[in-house]
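Since every read-out is calculated from the coordinates, none of them should be taken as a lab result. Only a predicted model underlies this, so the values are computations on that prediction, with no experimental measurement involved. In this analysis, Cβ positions are derived from the backbone assuming ideal geometry, glycine residues included, and neighbour counts consider all displayed protein chains.
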Number of protein chains: 2
Amino acid sequence: MGRTLTYPKRSSNTVNRYNHRATYDLGAIHSIINSSQVLHVSFSPGPEDPFPAIIPMIGQMGSFEYPSADIDEPLECYLHGYVSSRIMNLARGSQEGLPICIAASKVDGLILSLTPNSHSYNYRSAILHGYAHLVTDEAEKLWAMELVTNSVLQDRWKHSRVPPDRAEMSSTVILKVKVVDGSGKIRDGGVSDEKKDYANEEVTNRVWTGVVPVYETFGAPIPSAQNKVAEVPDYITDFVENKNDENRTYAKEAAQVTLPKEEQH
Amino acid sequence: MGRTLTYPKRSSNTVNRYNHRATYDLGAIHSIINSSQVLHVSFSPGPEDPFPAIIPMIGQMGSFEYPSADIDEPLECYLHGYVSSRIMNLARGSQEGLPICIAASKVDGLILSLTPNSHSYNYRSAILHGYAHLVTDEAEKLWAMELVTNSVLQDRWKHSRVPPDRAEMSSTVILKVKVVDGSGKIRDGGVSDEKKDYANEEVTNRVWTGVVPVYETFGAPIPSAQNKVAEVPDYITDFVENKNDENRTYAKEAAQVTLPKEEQH
């Protein structure tokens with residue numbers, strides 16, 4: 001009870017700027033990754049290409065060995081996405097795994113302060129570094145496919161046509177990332193300006209300051225032309241309602257959090 | 001008139017999967033970048049670190065030399081963000097600029113089809129490869145600061161306390177990225193399933209299929225405790241209203257686009 005696991009600080013994942021906002025807690029970092037619909041995954045294509053590559057992928061933290069592990073325990077990241085053959089071939093051809101970086105960022109609000117320099121976002125962001133391997137065990141692959149499908153929409157897996165057939169299993173590629181380190185940053189709170197600007201009446205009488213909350217919304221489900229199920233099932237309408245509520249509430253509450261002392265002027 | 005500029009296809013930016021959804025048009029790619037509140041920027045920290053780095057940054061396409069250039073003309077990407085000293089030092093120390101990859105992705109809808117394998121997102125994503133340099137010219141830096149501030153909220157720059165003073169100018173760092181290539185992918189439309197599943201009545205009678213639109217929402221502006229402007233100004237309420245309308249409309253319309261022939265079964 002009360003144990004908080006943290007990732008080790010290395011030069012590559014240590015946050016220098018506004019470090020009171022940094023977190024190395026597994027729980028906080030994994031939660032940001034798991035609540036992101038898209039992850040950005042970066043890898044080096046090889047010595048002939050000077051540019052790192054980034055691809056958008058769907059992913060989720062989990063543990064196949066300990067499926068009941070909590071979000072704040074050591075977990076792997078399972079990725080399933082628009083997997084170019086490049087990343088697959090690189091991961092397949094690598095003994096110790098392909099070194100990758102996984103990033104997730106969410107904007108929760110626009111911080112509109114007196115001067116452009118003190119403008120900011122409320123946001124949550126996280127990165128993980130780790131080694132990516134192709135999942136070859138069929139049971140683990142099936143488990144990861146369910147994990148990832150349910151991350152798109154809770155309980156969708158069991159409400160769709162499963163299990164995948166042999167062709168579907170072999171066309172699906174899942175990457176398992178053994179995480180080496182990670183870090184997160186969370187900014188919440190309101191406007192922070194300099195004393196000199198607060199003291200300038202011409203400015204304070206003219207410039208509106210405050211927060212515009214920003215959040216992701218799920219719209220009313222639109223049935224396909226082929227759909228034969230008369231009503232939208234509860235697990236879908238509940239998901240839409242709960243997520244909308246959760247997202248809107250987070251963004252509004254984040255705007256009203258008290259700023260850390262060093263930013264109050 | 002009618003000219004469409006495209007980025008060159010190189011191995012590093014050529015889209016192989018579902019390539020009818022790929023675009024190399026400057027206009028389409030730049031628009032995705034410019035409408036993203038956060039960009040993910042990747043670079044290699046150096047030979048001693050096996051992992052690429054990703055940092056979230058705010059950025060915008062523009063041309064200081066030709067400020068009236070349209071979105072589909074050659075543009076640079078100006079970045080301003082939570083700039084760790086690492087990326088700044090690397091860019092500062094590099095003669096030909098730091099090779100980076102810039103990515104932007106937006107989810108526009110959940111595609112809920114009969115089987116997990118045919119699930120998808122409606123989305124827009126883009127990447128750019130280029131060389132990043134520190135902007136040293138003061139006039140260009142000021143111009144880029146205005147460009148980036150107004151990308152957060154239209155017209156905010158002139159409604160805040162400007163110009164920045166000497167200390168603000170020197171503490172602000174802007175990266176200018178000379179773009180070498182880029183690509184984008186846009187998925188819209190509805191559900192696409194395999195014939196064998198459409199023909200399975202047990203499945204079609206049980207599995208709801210359709211699209212859940214997804215879009216970013218801006219909430220009602222919350223004034224700060226220090227704010228002295230009685231009413232939320234029109235340029236802010238208009239921005240919130242217009243963006244919400246635009247985002248919701250895009251996601252709904254994307255769900256109703258006709259799929260390309262090869263995906264209709």
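Can you pull out the GluC sites (Glu not before Pro) in segment A:204-263 that DSSP calls coil and that have at most 10 other Cβ atoms within 10 Å?
Passing sites in segment A:204-263 are A:Glu231.
Which trypsin sites (Lys or Arg not before Pro) does segment B:126-181 hold that lie in a coil by DSSP with at most 14 other beta carbons within 10 Å?
Sparse-neighbourhood loop trypsin sites (Lys or Arg not before Pro): none present.
In Å, what Rg and Dmax follow from the Cα atoms of segment B:147-265?
23.1, 71
For chain A, modelled as a Gaussian network with Cα springs under 10 Å, which listed residue fluctuates most, A:Asp181, A:Asp193, A:Asp25?
A:Asp193
Explain nothing, just the number: dipole magnitude of segment B:123-265 about its Cα centre with +1 on each Lys and Arg Cβ and -1 on each Asp and Glu Cβ, in debye rounded to the nearest 20.
Dipole of segment B:123-265, to the nearest 20 debye: 300 debye.
Compute a Gaussian network model of chain A, connecting alpha carbons closer than 10 Å, and tell me which residue from A:Tyr66, A:Tyr78, A:Tyr121 fluctuates the most.
Residue with maximal mean-square fluctuation among A:Tyr66, A:Tyr78, A:Tyr121: A:Tyr66.
Taking 37 °C and 0.692 mPa s as the conditions, I'd like the Stokes-Einstein D for the protein assembly as shown in µm²/s, using the Kirkwood hydrodynamic radius from alpha carbon pairs.
Calculated translational D: 136 µm²/s.
Show me the GluC sites (Glu not before Pro) within segment A:18-118 that DSSP assigns to loop and that have at most 15 other Cβ atoms within 10 Å of their Cβ.
A:Glu48, A:Glu65, A:Glu96
Please name which of A:Gly93, A:Ala103, A:Leu114 has its Cα lying farthest along the dipole of chain A towards the positive end, using unit charges on Cβ (Lys, Arg +1; Asp, Glu -1) and the Cα centre as origin.
Ranked along the dipole, the leading option is A:Gly93.
Starting from a Cα-only point model with no solvent, please compute log10 I(q)/I(0) by Debye for segment B:128-172 at q = 0.18 1/Å.
-0.61
What is the dipole size for chain A, taken about its Cα centre, with +1 at each Lys and Arg Cβ and -1 at each Asp and Glu Cβ, in debye to the nearest 20?
440
How large is the helix-only mean residue ellipticity at 222 nm for chain B, computed as the sum of -39500 (n - 2.57) over DSSP H runs with n ≥ 4, divided by its residue count, in deg cm²/dmol to the nearest 500?
The helix contribution divided over chain B gives -7500 deg cm²/dmol.
Taking the Cα centre as origin and putting +1 on Lys and Arg beta-carbons and -1 on Asp and Glu beta-carbons, what dipole magnitude results for the protein assembly as shown, to the nearest 20 debye?
The calculated dipole for the protein assembly as shown is roughly 660 debye.
Lys/Arg Cβ at +1, Asp/Glu Cβ at -1, dipole of segment A:179-263 taken about the Cα centre: which of A:Val203, A:Phe239, A:Pro213 is farthest positive-ward?
Comparing the listed Cα positions along the dipole, A:Val203 ranks first.
Rounded to two decimals, what ratio of Rg to Rh does segment B:19-263 give with C-alpha atoms and a Kirkwood Rh?
Ratio of gyration radius to Kirkwood radius: 1.04.
Could you list A:Arg124, B:Arg187, B:Arg92, A:Arg3 in order of exposure, starting from the residue whose Cβ has the fewest other Cβ atoms within 10 Å?
Going from sparsest to densest Cβ surroundings: A:Arg3, B:Arg92, B:Arg187, A:Arg124.
Would you kindly derive the ³J(HN,Hα) couplings of segment A:50-59 from the backbone phi angles with the Karplus curve 6.51 cos²θ - 1.76 cosθ + 1.60 (θ = phi - 60°), listing them in order in whole Hz, with x for Gly and Pro?
x, 9, x, 9, 10, 10, x, 9, 9, x
Return the long-range amide H neighbours of A:Arg161 (sequence gap of 5 or more, or a different chain), with a cut-off of under 5 Å between placed amide H atoms.
Amide H neighbours of A:Arg161: B:Thr115.
B:Asp108's amide H: which non-local residues (gap 5+, or another chain) put their own amide H closer than 5 Å, with H modeled 1.01 Å from N in plane and none for Pro or chain starts?
B:Asn122, B:Tyr123, B:Arg124
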